[in-house]
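Each remark here refers to the structure printed beneath this line.
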Amino acid sequence: MNFQFENLQQLLAMDGHGPFVWTAVLVSLAVMLWLIIKPLADSEAAQKDVARDIARATNPNGEA
Amino acid sequence: MNWLTNWSPSWQWFHRLGSPRWFYQTTGRWLPWLSLLALALLSTGLVWGLGFAPQDAKQGNSFRIIYLHVPASFLALAGYYIMAIAGAIGLIWKMKLSYMVMKSAAPIGAALTFLALFTGAIWGKPTWGTYWVWDARVTSMLILLFLYLGVLALQYAFHSNEAGNRASAILALVGTVNIPIIYKSVDWWYTLHQPATIKLTSAPSMHSDMFQPLLVMILGFYCFYTVALFLFTRAEILRRERKSTWVKELVIGAQH
Amino acid sequence: MASGFSDYLRRDLLLAYRRRGEAASPLVFFIMVSTLIPLGISPESARLAEIASGIIWVMALLATLLSTDGLFASDYQDGSLEQLLISPQMLAMPVLGKITAHWMVTGLPLTLASPLLGVMLSLPEEGYVPMVVSLALGTGCLSLIGAVGAALTVSLRKGGLLLSLLVMPLYMPVIIFGSATVQSAIDGFAWSGPLAILGAMLAAAIALCPLAAAGGLRLTSIN
C-alpha cells in the first residue's frame, strides 16, 4: 500500500478529477458537520429556556 | 396487555429503555467514546480511500467518490427502516422515547439521502458525462428522498405533537411496505427503457485494496449515524421534558 | 355481513350525486389539461402519439390527486366521521365503502373518458383497450393509496398540498406499470404482464389500504 500521489498538487488535481472528488468531500463534510452542530445548538437553546424558566420561578420580580 | 407490563423483571429493561431520562444519561456516557470511534474510522477511511487506495482502471480517480457515496446510500436506506421501526414501537407500546427517535431519524435520513444523490451526481459527470441520469438506483434514491420529506412535512404540519407523531409513524410504516415495491418497479422500468448510449458499470468486482477502505467508511458512517441520532434525540428530549424535575436539576447542575 | 361497506358506498354516492358539479371537476380538469399538451409541445400527431400514453396516465394521476383531499374532509367537518369512529363496528369496511364510492365518482369517469383523450392526443389504435383496462385497475389503486394520505391529513386545515407530497411517491409504481401496459401494447408486445402486476397491486391495496386509512383516522383525528 503506497501513497498514490507524488505531491500535494497531484493529490488536489487527481488527474483532472480533483474538482469532482473534492467537491463531494467538502459537501459531505459540511452536511455531516451540520448533523452534529444542529442538535447541539438545539440542546443549548433548550437548556437556556429551562434556565430562564427556573430564574423566573425563583425570582418572579426580575430583581437582580 | 397487562401481563406485558406486570411481567417483571424480564420486561424491566424494556421500560427503562423507554424512559427519556435513562436514555439521556446512558447516551451521555456513550457519546464521547462513540464520537471518537466515528472520527477515527471516518478519518482513517477517508485518508486511505482518497490517498492510498489504487485508482480504478476505467474511472481513474473519480471512483474515489465511492467512499462517500456508498456509505451515505447505505445509511439513507437503513435510516428509513430505523425510523419506521421506531415509529412502530411508538404506535404499539405508546412509548414516548420511541417517537422521539423516529422524529430525530427523519432529518438525518433526509440529509444522508441528499448526500447520496449529490455525490452520485458529481460522480456521474466524469463517469457518464452528465450530472443526472434516470438510472434505476438514482431514481429510487430520489423517491426515497421524497418519502423522507413527506414524513418531515407531516410531522411539522400538526400543532399537537402527539397527533403528528402518530401520523408520521403510520406514514413511515406505509412507506416501508412500499419501498421494496418501488425499488422493484423502478428496476423493471429501467430495464424497459435502458438507453443504449449509457452503459453503467454494474458494481465492478472490487479489488480488496479498494474494498477495505470502503468497509472502514461504512463502519464509520454507522457510528456517525448513531452519534447524530443520539444527539438529535437528546435535543428532542430536552425540548419535550423541559418541565420535568430531572431536566431542571440537570440545568442547575450545569450552571454550578 | 360487509358491515358498513354498502351503507357508506350508497351514502357517499348519494352525496356525490347531490354535489354533481363538484364531483365532475376532476373529469373536467382531466380533459382541459389535455388541451394544454398540444399547445405546450406540438400539434404534430406523430410527436403526440409518442407521449400520449404517459401523458394520459400522468393526468389521470393528477386528477385523482385533486379529489382525494375531499375523501374524508366533509365527514370530518360535519362530525359524522367522529360518529363513525366511536361506533363499535370495524372501521375498515366503511372506509372501503367510501373509497369505492370515490373511485366510482372519479376513477371510473376518467377511465371512460380516456378514449376521448386518446383521440385528441392521437394515441395509436392498439393502445385503447389496454389504456381503458389499465386505468380502471390503476385509478382504483390511486384512490386506495390516496385514502391513506387523506386519512392522515384530515385534521389539518391545509392538508391538500401536503397530501399530494405524501402520496405522490407512493403512486410511482402504479404509474410505471400503468403506462407500461399501454406502451407495450403500442410497441406490439404482450401487455398482460404489466397489467397483471397492476392487478396484484390493486389486490394488495384493497387488503392493506383501508386498514392503514382506518388506523390513520383513529390515531390522528381523536385528541
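When the residues of the range B:61-88 are filtered to those that are small (Gly, Ala, Ser) and closer than 18 Å to residue B:212 by Cα, which remaining residue is farthest from the other protein chains (Cβ to nearest Cβ)?
Result: B:73.
With the condition kept exactly as written, say whether any residue in the range B:27-47 is within 10 Å of chain A (Cβ to nearest Cβ), more than 17 Å from the chain's Cα centre (by Cα) and modelled with pLDDT under 95. Looking through the range B:27-47, at least one residue is within 10 Å of chain A (Cβ to nearest Cβ), more than 17 Å from the chain's Cα centre (by Cα) and modelled with pLDDT under 95. The set of residues in the range B:128-164 that are in a helix (DSSP H, G or I), at the interface with another protein chain (Cβ under 9 Å from one of its Cβ atoms) and over 22 Å from residue C:172 (Cα atoms) comprises B:157, B:162, B:163, B:164. If you go through the range C:59-88 and keep only what is β-branched (Val, Ile, Thr) and crowded, with 16+ Cβ neighbours inside 10 Å, you end up with C:64, C:68. Hey, does the range A:26-41 have a residue that's surrounded by 11 or more Cβ atoms within 10 Å (Cβ to Cβ) and under 16 Å from residue B:123 (Cα atoms)? For the range A:26-41, residues surrounded by 11 or more Cβ atoms within 10 Å (Cβ to Cβ) and under 16 Å from residue B:123 (Cα atoms): present.
Given the residues C:125, C:82, which is the only one that is without any contact (Cβ under 8 Å) to a residue 12 or more places away in the chain, more than 14 Å from every other protein chain (Cβ to nearest Cβ) and over 24 Å from residue B:151 (Cα atoms)?
The unique qualifying residue is C:125.
The residue of the range B:233-251 that is nearest to the chain's Cα centre (by Cα), among those that are facing chain A (nearest Cβ under 7 Å) and open to solvent by 20 Å² or more (accessible area, probe 1.4 Å), is B:234. Per the listing C:116, C:61, C:108, the residue uniquely free of Cβ contacts under 8 Å to residues at least 60 places away in the same chain and within 21 Å of the chain's Cα centre (by Cα) is C:108.
In this structure, residue B:157 qualifies as open to solvent by 30 Å² or more (accessible area, probe 1.4 Å) and of a type in the set (A, V, I, L, M).
Is it true that some residue in the range C:133-146 is open to solvent by 10 Å² or more (accessible area, probe 1.4 Å) and either over 15 Å from the mean Cα position of the chain (by Cα) or closer than 15 Å to residue C:70 by Cβ (or both)? No, there is no match, as no residue in the range C:133-146 is open to solvent by 10 Å² or more (accessible area, probe 1.4 Å) and either over 15 Å from the mean Cα position of the chain (by Cα) or closer than 15 Å to residue C:70 by Cβ (or both). Checking each residue in the range C:173-223 for being over 20 Å from the mean Cα position of the chain (by Cα), surrounded by fewer than 21 Cβ atoms within 10 Å (Cβ to Cβ) and closer than 13 Å to residue C:137 by Cβ picks out only C:192.
Are any residues in the range C:1-49 without any contact (Cβ under 8 Å) to a residue 24 or more places away in the chain, within 24 Å of residue C:184 (Cα to Cα) and either open to solvent by less than 50 Å² (accessible area, probe 1.4 Å) or among the charged types (D, E, K, R) (or both), and if so, which ones? Matches in the range C:1-49: C:42, C:44, C:47.
Selection of first residues in the range B:226-242 that are more than 16 Å from residue B:162 (Cα to Cα) and of second residues that are of a type in the set (Phe, Trp, Tyr) and surrounded by fewer than 22 Cβ atoms within 10 Å (Cβ to Cβ), restricted to Cβ pairs under 6 Å at least 6 apart or on distinct chains, gives the following pairs, ordered by first then second residue: B:234/B:24. Quick check: anything in the range B:72-90 touching a Lys or Arg at 6+ places or on another chain (Cβ under 9 Å), over 30 Å from residue A:26 (Cβ atoms) and surrounded by fewer than 22 Cβ atoms within 10 Å (Cβ to Cβ)? No: the range B:72-90 contains no residue that is touching a Lys or Arg at 6+ places or on another chain (Cβ under 9 Å), over 30 Å from residue A:26 (Cβ atoms) and surrounded by fewer than 22 Cβ atoms within 10 Å (Cβ to Cβ).
Each residue in the range A:35-52 was checked for being more than 7 Å from chain B (Cβ to nearest Cβ) and either within 26 Å of residue B:69 (Cα to Cα) or among the acidic types (Asp, Glu) (or both), and 3 pass.
The values are calculated or read from the model by the stated rules, or taken from the named source; none is laboratory data. The shown structure was predicted, so the numbers you read here are calculated from the model rather than taken from an experiment. Glycine also receives a Cβ, built like all others from the backbone with ideal geometry; neighbour counts cover every protein chain displayed. Just the protein is used for accessible areas: all its heavy atoms, side chains included, with ligands, DNA and RNA removed. Shrake-Rupley method; radii C 1.70, N 1.55, O 1.52, S 1.80 Å.
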